[in-house]
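Here the structure comes first, spelled out in C-alpha cells, and everything after it is commentary.
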Amino acid sequence: ATPTAIMVGTGVGARHGVLIRNAEVLERARSVATLVVDKTGTLTEGKPVVTDVLVEENKDETVLLTLAAALERGSEHPLARAILKKAEDSAAPVSQVEDFETIPGKGVTGRIDGRVVSLGSPAWLAEIAVPASAPLAARAEAAQAQGKTVVGLAVEGRVAGYVAIADRIRETSIEAVRVLQEAGVEVVMLTGDNRHTAAAIAGQAGITRFAAEVLPQNKAEEVRRLQGEGHVVGMAGDGINDAPALAQADVSFAIGGGSDVAIEAADVVLVRNDLRGVPTAIGLSRATLAKIR
Ligand code: ADP
Ligand code: MG
C-alpha cells in the first residue's frame with residue numbers, strides 16, 4: 001500500500017477508537033481468516049455480578065459468602081471483585097486467611113480458623129473434594145445453563161455451596177461476530193470457564209466453535225493449533241490470562257480496558273472496549289489494499 005493509503009487507513013481507524021500499531025499490521029489484518037476471542041472481559045462486559053448464593057437446605061448463605069470473600073481478598077481475578085462486592089453489600093465480617101494460594105485457571109485456597117477452604121471451578125473441586133448433594137449440584141448446573149459462571153466453595157474437602165456470577169455479553173460483541181462471519185472470518189471462543197457457561201455465552205454471541213476449561217497456559221497452544229490448520233489467526237483478548245495467546249496470534253487485538261501489558265504489546269488496541277473494532281480494522285486493511293490495485 002502507498003504511504004498515503006496507510007495514513008488514511010490508520011487515521012480512519014483512530015477516529016473509530018481502533019489504534020493500529022503500524023503499516024505492517026494494517027497490511028496483515030486483511031488476511032485474518034480465524035479470530036479467536038476470549039470470553040470474560042472480551043465478549044462479555046468483564047463486570048461480573050453475584051446473582052445467587054446456593055447452599056444446602058438449612059445452611060446460612062452469609063457464612064458461605066464470608067468464607068468466599070475472605071479467600072478472594074488475596075485475588076485479583078474479576079470474579080474476586082464480584083464476590084467481595086457482594087460480601088460488602090451484606091456486611092459480612094471478613095476472616096483471616098493463612099497459607100493463601102492462587103491456582104491459575106482453577107481458583108484460590110487457604111486456611112480459615114484452622115480449616116482448609118477452597119473456592120474455584122466445579123471441575124477443580126471435583127478433583128479435590130466430596131461433591132455437594134444432588135439437588136444443590138443441579139441448582140448450580142441450572143445457573144450455568146443460563147450462562148452464569150458458578151464457583152464452588154469446599155470446606156475441609158467437602159463442597160458446601162456455590163456462588164453464581166453473571167457477566168453480561170456486550171451487545172457490540174454480538175454485532176461484531178455477525179459482521180466478521182459475513183466477511184468470511186471464522187470466530188472461535190476460548191475460555192477457562194466450564195462448558196455449560198461457555199455454550200450459553202457462545203450461543204448468545206452466535207459462535208458455534210468454542211473450547212471451554214482451557215487453562216491460561218493452554219490458550220496460546222490453542223492459537224498455535226489453529227495456525228497449524230493453515231489459517232492466519234487473529235486473537236482478541238483483555239490480557240487477563242490470555243497474554244501469551246495474544247502474543248502467539250498473527251494479529252493481536254487488545255481490549256482497551258484490559259491489562260497494560262496486553263495494550264503495550266498489541267498490534268491493534270480497541271480503545272472503546274468494542275469488539276466491532278476488529279471488523280473495522282480488517283475492513284480498513286482490505287480497503288487499503290483495494291486502493292493500490
Ligand atoms: P476466563 O478464561 O473466563 O478468563 P480463568 O482462566 O481466569 O477464566 O478461570 C477459569 C475458572 O477458574 C473460572 O471460571 C473459575 O471457575 C475459576 N477461578 C479462577 N480464579 C478464580 C478465583 N480467584 N476465584 C474463584 N474462581 C476462580
Ligand atoms: Mg479473560
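Here, each number is a calculation from the coordinates, and none is a lab measurement. It should be emphasised that the depicted structure is a prediction, and the values quoted were computed from it without experimental measurement. Neighbour counts run over all protein chains shown; Cβ positions are idealised from the backbone, glycine included.
Observations
- Folded to 0 to 90 degrees: helix 216-228 orientation relative to the chain principal axis, Cα: 30 degrees
- Per residue of the chain, the DSSP helices (runs of n ≥ 4 H) give a summed -39500 (n - 2.57) that works out to -13000 deg cm²/dmol at 222 nm.
- Beta bridges per DSSP, both residues in the chain: antiparallel share near 60 percent.
- Remark: C-alpha extents of the range 171-255 on the principal axes read 28, 27, 24 Å, sorted largest to smallest.
- All-pairs alpha carbon distance profile, the range 142-293, 5 Å steps from 0, percent: 2, 9, 15, 19, 22, 15, 8, 5, 3, 1, 1, 0, 0, 0
- Kirkwood hydrodynamic radius (C-alpha pairs) into Stokes-Einstein, the range 1-160, 37 °C and 0.692 mPa s, D in µm²/s: 178 µm²/s
- Hydrodynamic radius (Kirkwood) for the range 84-193, which is based on Cα pairs only, to one decimal in Å: 16.3 Å
- The Cα center of the range 146-162 and the Cα center of the range 209-276 differ in position by 29 Å.
- With bins 5 Å wide beginning at 0, the percent of Cα pairs of the range 44-104 falling in each bin runs 3, 19, 27, 24, 18, 8, 2.
- 118, 90 arranged by Cβ crowding within 10 Å, fewest neighbours leading: 90, 118
- The range 138-253 - share of DSSP beta bridges that are antiparallel (%, nearest 5): 55 percent
- Normalised by 2.2 N^0.38 Å, where N is the number of residues, the C-alpha radius of gyration of the chain stands at 1.10.
- Tilt relative to the chain, helix 195-205 - C-alpha long axis, 0 to 90 degrees, to 10: 40 degrees
- Scattering from the range 3-91 was approximated by placing one identical point on each alpha carbon and applying the Debye formula without solvent; log10 I(q)/I(0) at 0.15, 0.23 1/Å stands at -0.72, -1.13.
- The C-alpha atoms of the chain define a longest principal axis, and helix 171-182 lies at about 50 degrees to it.
- Descending semi-axes in whole angstrom, ellipsoid equivalent of the range 88-140, from the Cα gyration tensor: 21, 16, 11
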